[in-house]
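Working notes for the structure below.
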Amino acid sequence: MDRIRIRGGNALNGTIPISGAKNAALPLMIASLLTDDTLTLENVPHLADVEQLIRILGNHGVDYTVSGKRLATQATSGRTIHFTARTIVDTTAPYELVSKMRASFWVIGPLLARCHKARVSLPGGCAIGTRPVDLFIDGLKVLGATIDIDAGYIVAEAKGGLVGNRYTFPKVSVGATHVLMMAASLAKGQTVIENAAREPEVADLAACLNAMGAKISGAGTSTITIDGVTALSGARHRVLPDRIETGTYAMAVAMTGGDVTLEGTHSDLLQTALTALGDAGAEITDTPNGLRVVRNGNGIRPVDVVTDPFPGFPTDLQAQFMALMTRSDGVSHITETIFENRFMHVQELARLGAKISLSGQMARVEGVPRLVGAPVMATDLRASVSLVIAGLVAEGETVVNRVYHLDRGFERLEEKLGACGAEVERISG
């Protein structure tokens with residue numbers, strides 16, 4: 001099993017190209033199920049989750065071809081992938097596939113819209129009401145689907161097709177907003193989604209669907225209106241830059257000091273987190289090529305943050321910001337409001353010398369003058385990269401184990417950091 005070894009102490013200087021967003025690419029790939037024409041997606045990142053979803057879509061009959069395969073001189077360039085769902089051969093998404101990646105549950109919307117039926121496993125380890133699958137079900141019911149649960153599967157049917165309606169989410173859900181928007185694109189009549197997620201990835205999916213012939217307005221606001229059409233066509237769409245990768249590398253620069261241009265991204269994707277970084281002492285400016293992040297030798301100031309749906313501070317940057325705050329000149333407080341049990345990185349940061357105490361969903365982080373390298377264990381995608389950020393300044397050697405979590409969401413991380421002066425290497429086996 002691969003590990004990443006880091007020797008801390010080097011400032012980051014140079015350029016880091018930002019990949020296409022995983023959280024945008026996955027729903028865009030699933031949207032290929034809505035048409036029998038070819039959907040071409042540019043700037044698709046090289047990630048384990050993307051490869052897994054390609055296998056899942058293949059189970060439903062989606063063919064794919066890849067152009068612009070990686071060259072030795074373009075290790076971080078995104079791919080262009082052509083997806084064609086000429087015929088849906090299976091409307092069942094089995095447990096052995098869905099259990100490996102939660103986002104694969106989202107196929108339920110396009111399958112219902114196009115085939116009027118779907119049998120999709122509940123996501124692995126998830127009960128109704130937790131990381132709310134119930135929002136998906138309730139929304140699809142409002143569009144006319146009949147839904148039963150049978151032996152761990154959601155069995156959904158919409159005889160005659162889905163019908164537009166008005167639905168208000170009781171809680172903001174990015175995934176459920178994606179699913180309802182895709183399903184409503186082929187529903188009869190108009191659908192209005194209220195309290196919709198406002199994330200840039202939602203607007204990106206809407207832009208792609210509109211290019212395919214959908215009629216969607218309001219994406220990126222809390223009210224989305226969809227006028228259903230009878231069929232969608234193929235299209236070509238470029239995946240937007242990854243705002244979580246952008247924020248992660250910006251925090252790495254803030255942690256180590258230095259001067260890095262994050263190429264191919266922009267501040268509008270991540271304003272709240274960038275404001276917090278500015279408050280902590282980093283200087284962030286838009287440039288023609290992307291974002292420039294600079295921190296001189298001054299200390300890191302403590303900053304309190306609360307995670308919230310977009311445009312608030314992203315929960316997917318909470319662990320990384322906590323790593324940064326371990327070296328602040330004071331005490332900061334980080335409150336997690338989106339997911340329970342998302343402080344699993346705390347005990348691993350403590351192995352490096354961090355002083356963090358928990359009280360419910362709030363972490364109190366007391367900055368320390370030094371961290372010391374140690375073996376640590378990645379527990380999930382975002383927690384794992386927080387350990388890398390801490391390792392970049394820890395004295396001596398830090399070894400991050402179970403880095404397959406990193407490979408799910410960060411493309412060529414060690415190469416990107418290494419090109420800017422970090423001593424980071426992957427150890428295979």
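The values are calculated or read from the model by the stated rules, or taken from the named source; none is laboratory data. Everything numeric in this text was worked out from a predicted model, so none of it was measured. We place every Cβ from the backbone using ideal geometry, glycine too, and count neighbours over all the protein chains shown.
This table checks each residue for (1) farther than 17 Å from Leu240 by Cβ; (2) crowded, with 24+ Cβ neighbours inside 10 Å; (3) among the hydroxyl-bearing types (Ser, Thr, Tyr).
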| residue | (1), (2), (3) |
| --- | --- |
| Leu39 | no, yes, no |
| Ala48 | yes, no, no |
| Gln52 | yes, no, no |
| Thr91 | yes, no, yes |
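Hand me the list of strands (runs of 3 or more DSSP E) wholly inside region 292-387 holding 1 or more residues that are within 30 Å of Ala196 (Cβ to Cβ), free of Cβ contacts under 8 Å to residues at least 40 places away in the same chain and under 26 Å from the mean Cα position of the chain (by Cα). It would help to see each step written out before you state the result.
Working: elements: 331-335, 355-359, 362-366, 375-377.
Passing ranges, in order: 331-335, 362-366.
Mind listing whichever residues of region 267-291 are touching a Ser or Thr at 6+ places or on another chain (Cβ under 7 Å) and in a loop (DSSP other than H, G, I, E, B)?
Passing the criteria: Leu270, Asn289.
Would you mention how many residues in region 217-238 are closer than 17 Å to Asn43 by Cα and touching a Gly at 6+ places or on another chain (Cβ under 9 Å)?
Within region 217-238, residues that are closer than 17 Å to Asn43 by Cα and touching a Gly at 6+ places or on another chain (Cβ under 9 Å) number 2.
Per-residue answers, yes or no, for (1) within 19 Å of the chain's Cα centre (by Cα); (2) among the aromatic types (Phe, Trp, Tyr); (3) farther than 27 Å from Thr35 by Cα:
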position	(1), (2), (3)
Ala231	no, no, no
Gly234	no, no, no
His237	yes, no, no
Thr261	no, no, yes
Thr275	no, no, yes
Glu283	no, no, yes
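Residues Arg295, Arg327, Arg351, Arg301: which one is in the same structural domain as His266 (by TED's automatic domain parsing) and surrounded by fewer than 17 Cβ atoms within 10 Å (Cβ to Cβ)? Steps first, please.
Details: Arg295 fails: surrounded by fewer than 17 Cβ atoms within 10 Å (Cβ to Cβ); Arg327 fails: surrounded by fewer than 17 Cβ atoms within 10 Å (Cβ to Cβ); Arg351 fails: surrounded by fewer than 17 Cβ atoms within 10 Å (Cβ to Cβ).
Result of the check over Arg295, Arg327, Arg351, Arg301: Arg301.
Within region 388-412, can you find the residues that are within 18 Å of Asp316 (Cβ to Cβ) and part of a loop (DSSP other than H, G, I, E, B)?
Within region 388-412, Val403, Phe410, Glu411 qualify.
Looking only at region 166-183, how many residues end up being farther than 14 Å from Trp106 by Cβ and buried (at least 18 other Cβ atoms within 10 Å of the Cβ)?
First, the residues of region 166-183 that are farther than 14 Å from Trp106 by Cβ: 166-172.
Imposing the further condition that a residue be buried (at least 18 other Cβ atoms within 10 Å of the Cβ) reduces the set to 167, 169, 172.
Of the residues in that region, 3 qualify.
Surrounded by fewer than 20 Cβ atoms within 10 Å (Cβ to Cβ) and either within 17 Å of the chain's Cα centre (by Cα) or in contact (Cβ under 8 Å) with a residue 60 or more places away in the chain (or both): does that describe Gly9? Step through it out loud before you land on a result.
Numbers: surrounded by fewer than 20 Cβ atoms within 10 Å (Cβ to Cβ): yes; either within 17 Å of the chain's Cα centre (by Cα) or in contact (Cβ under 8 Å) with a residue 60 or more places away in the chain (or both): yes.
The answer is yes for Gly9.
Tell me which residues, restricted to region 304-322, are among the polar types (S, T, N, Q) and at pLDDT 95 or above. Reasoning before the result, please.
Step one: list which residues in region 304-322 are among the polar types (S, T, N, Q), which gives 307, 315, 318, 320.
Thr307, Gln318, Gln320, listed by residue number.
Kindly indicate the residue of region 125-139 that is out of contact with any Leu (no Cβ under 8 Å at 6 or more places or on another chain) and surrounded by fewer than 15 Cβ atoms within 10 Å (Cβ to Cβ) and also modelled with the highest pLDDT among those meeting that condition.
Thr130
Do the conditions hold for Ser267, that is, is it surrounded by fewer than 23 Cβ atoms within 10 Å (Cβ to Cβ), closer than 23 Å to Ala319 by Cβ and touching an Asp or Glu at 6+ places or on another chain (Cβ under 6 Å)? Walk me through how you get there before you give the answer.
Working: surrounded by fewer than 23 Cβ atoms within 10 Å (Cβ to Cβ): yes; closer than 23 Å to Ala319 by Cβ: yes; touching an Asp or Glu at 6+ places or on another chain (Cβ under 6 Å): yes.
Here the answer is yes, as Ser267 does meet what is asked.
Within region 18-47, can you find the residues that are closer than 25 Å to Ala176 by Cβ and out of contact with any Leu (no Cβ under 9 Å at 6 or more places or on another chain)? Reasoning before the result, please.
As a first pass, look at region 18-47 and keep what is closer than 25 Å to Ala176 by Cβ: 20-35, 39, 41, 44-45, 47.
Listed by number, the residues that qualify are Asn23, Pro45, Leu47.
What residue, among those in region 229-252 that are free of Cβ contacts under 8 Å to residues at least 60 places away in the same chain and among the β-branched types (Val, Ile, Thr), is nearest to Arg292 (Cα to Cα)? Give the steps one after another, and end with the answer.
Restricting attention to region 229-252, the residues satisfying the condition of being free of Cβ contacts under 8 Å to residues at least 60 places away in the same chain are 229-230, 250.
With among the β-branched types (Val, Ile, Thr) added as a condition, the list becomes 229-230.
Details: Val229: 43, Thr230: 45 Å.
That would be Val229.
Go through region 140-154 and report how many residues are over 14 Å from Arg166 (Cβ atoms) and surrounded by fewer than 19 Cβ atoms within 10 Å (Cβ to Cβ).
Qualifying residue count, region 140-154: 8.
Checking Glu415 against (1) in a helix (DSSP H, G or I); (2) crowded, with 19+ Cβ neighbours inside 10 Å, which test does it fail?
The single condition Glu415 does not satisfy is (2).
Could you give me the residue pairs with C-beta distances under 9 Å whose first residue belongs to region 414-429 and is on the phi > 0 side of the Ramachandran plot, whose second residue is among the β-branched types (Val, Ile, Thr) and buried (at least 16 other Cβ atoms within 10 Å of the Cβ) wherever it lies, and which are 6+ apart or on separate chains?
Matching pairs, first to second residue: Gly421/Thr256.
Going by what's in this entry, would Gly58 be described as surrounded by fewer than 18 Cβ atoms within 10 Å (Cβ to Cβ) and in the same structural domain as Asp286 (by TED's automatic domain parsing)? Explain how you work it out, then say what you get.
Values: surrounded by fewer than 18 Cβ atoms within 10 Å (Cβ to Cβ): yes; in the same structural domain as Asp286 (by TED's automatic domain parsing): no.
Criteria not met by Gly58.
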